[in-house]
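Q: What follows is a structure written as C-alpha cells; I'll ask about it next.
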Amino acid sequence: MTIPRRSWRGAGAFAAAAVVGLAGGVISAGPAAAHTPTWDVTCSEVTLNLTAYSSKAVNEVTVSVEGGEVLLPTTEFGREYRTSTPIKLPAHDKELTIRLVVKAGDDDKFSRNETKTAEVCEGNTPSAPPSTEPPAPETPEPSETATEPATAPSESATEPAPAPAEPSSSAPDLAETGSSSATPVIGGAAVAVLLAGGGILWSVRKRRTAQH
C-alpha cells in the first residue's frame, strides 16, 4: 500500500505543531511555577506563603502598615518563607493598607511590592481613650425655698475699749501720805507748851500754899 506524499506532509506538519505547542507550554509554565509570593490579608491578620524562590540567593521580605508601624521587619529567607503564626494587625477603626515587599536575590524582576486592604473587624472597634480633663462643675439650679441672705452685722456692735492714756509728765503730784519733815518740830513745841503750863501751875500752887 502506497501512502500519498501529501498525507506524509500533513502528518509531519501536525507533529511539528504539537511539539512546538508542548515546548511553549513548558517554557511558559516554567516562570509561573517559580517565585510565587502568595499572601492573604484579613481584618485582623496577615499570612505569607512565599515559595519557589532560589535557594542559592538571599531573598528578603518586609510587611508594614502604610504610613504606620512595621509588622514584619526585613527578614532574609532562602527557597521559601511561610508564617507559622499569622501576623497580627493593630486594632483599627478604619481600613488599613498593608504593604508586602519581597526582594528576590537572583533577579530583581522577581521582586514584588504589593498592597492589600485590611477591613475593619465587626465589633472590634477600639474604644476612645478616657478623657484626662476634669468634668465641668454643674451650675446649681435656684431653689424656690432659698433662704434670705444673712442680716448684716449691727452697727451698734460693741466697739473695742480705747487704750488707757499714758500719764502726762505735767500732771500735779499727788498728796503725800507719809510723815512730814515738820512733825518733830511740832512735837517739840507741844512738849514745851506742856512743860510751861506745868511750871505755871506749880508756881501758882506754891504761892497759894505760902499765903496760907
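Q: More than 14 angstrom separation, counting every C-alpha pair in segment 34-123; what % is that? Numbers along the way, then the final one.
A: Working: 2467 of 4005 pairs.
When all Cα pairs of segment 34-123 are counted, 62 percent exceed 14 Å.
Q: Work out, in µm²/s and without decimals, the Stokes-Einstein translational diffusion coefficient of segment 32-81 at 10 °C, 1.306 mPa s, Rh from Kirkwood over C-alpha pairs.
A: Working: Rh = 11.9 Å.
Rounded to a whole number, D works out at 133 µm²/s.
Q: Pop the C-beta distance of residue 69 and residue 136 into the FRET formula with R0 = 25 Å and round what comes out to the nearest 0.05. List each step's numbers first, then the result.
A: Numbers: r = 36 Å, r/R0 = 1.45.
My answer for the efficiency is 0.10.
Q: Segment 33-75: which GluC sites (Glu not before Pro) are DSSP loop and have at most 11 other beta-carbon atoms within 10 angstrom?
A: Passing sites in segment 33-75 are 66, 69.
Each reported figure results from applying straightforward, stated rules to the coordinates on display, with no laboratory input. Keep in mind it's a predicted model, so treat the numbers as computed, not measured. Neighbour counts run over all protein chains shown; Cβ positions are idealised from the backbone, glycine included.
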